[in-house]
Amino acid sequence: MDLKRITKKLLERCLDVKENKLPALTQREKEIIELICEGLSNKEIATKLSVSENTVKATLNRIYKKYKISSRTQLVKFFK
């Protein structure tokens, strides 16, 4: 995956947040989105961020709710 493209898309989404078009993302949510877009599993993300896999799952569920997303595939499409 192209990290520059993912970062650019995240920045665009942040601008949408400033214009009240989308809910805000926390720094941790942004990190997890980037890693998901790179193709990492929840377990790999947990290891990389030094958190539990349950923490990753909980954060991912918050992202899904914020953006009315129901799958990892939708999340990647939304942020790529």
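The values are calculated or read from the model by the stated rules, or taken from the named source; none is laboratory data. Note that the structure is a prediction, hence the values are computed from the model and not measured. Cβ placement follows ideal geometry from the backbone for every residue including glycine, while neighbour counts extend to all protein chains displayed.
Scan region 69-80 and report the pairs whose first residue is exposed (fewer than 13 other Cβ atoms within 10 Å of the Cβ) and whose second residue is of a type in the set (S, T, Y) and assigned to a helix (DSSP H, G or I), with Cβ atoms within less than 9 Å and a gap of 6+ or a chain change.
Filtered contacts from region 69-80: S70/Y64; S71/Y64.
Out of everything in region 22-65 that is of a type in the set (S, T, Y) and surrounded by 15 or more Cβ atoms within 10 Å (Cβ to Cβ), what residue ends up being farthest from K9 (Cα to Cα)?
We begin by selecting, within region 22-65, every residue of a type in the set (S, T, Y); these are 26, 41, 47, 50, 52, 55, 59, 64.
With the extra rule that they be surrounded by 15 or more Cβ atoms within 10 Å (Cβ to Cβ), the set shrinks to 55, 59, 64.
On the way: T55: 24, T59: 19, Y64: 17 Å.
Among them, the one singled out is T55.
Looking at I36, I45, I63, can you tell me which residue is among the aliphatic types (A, V, I, L, M), under 12 Å from the mean Cα position of the chain (by Cα), within 17 Å of R5 (Cβ to Cβ) and not in a loop (DSSP other than H, G, I, E, B)?
Numbers: I45 fails: within 17 Å of R5 (Cβ to Cβ); I63 fails: within 17 Å of R5 (Cβ to Cβ).
Every option except I36 fails the conditions.
Tell me which residues, restricted to region 10-33, are at pLDDT 70 or above and more than 9 Å from the chain's Cα centre (by Cα). Step through it out loud before you land on a result.
Residues of region 10-33 that are at pLDDT 70 or above, as a first pass: 23-33.
Once the filter is applied, which keeps residues that are at pLDDT 70 or above and more than 9 Å from the chain's Cα centre (by Cα), region 10-33 yields P23, A24, T26, Q27.
Quick check on my filter: what residues within region 66-80 are assigned to a helix (DSSP H, G or I) and either over 22 Å from K9 (Cα atoms) or modelled with pLDDT of 90 or more (or both)? Quick ask: steps written out before the conclusion?
So in region 66-80, the residues assigned to a helix (DSSP H, G or I) come out as 66-67, 72-79.
Answer for region 66-80, where residues must be assigned to a helix (DSSP H, G or I) and either over 22 Å from K9 (Cα atoms) or modelled with pLDDT of 90 or more (or both): R72, T73.
Of the numbered conditions (1) in contact (Cβ under 8 Å) with a residue 12 or more places away in the chain; (2) more than 12 Å from the chain's Cα centre (by Cα); (3) in a loop (DSSP other than H, G, I, E, B), V51 fails exactly one; give the number of that condition.
All conditions pass for V51, except number (1).
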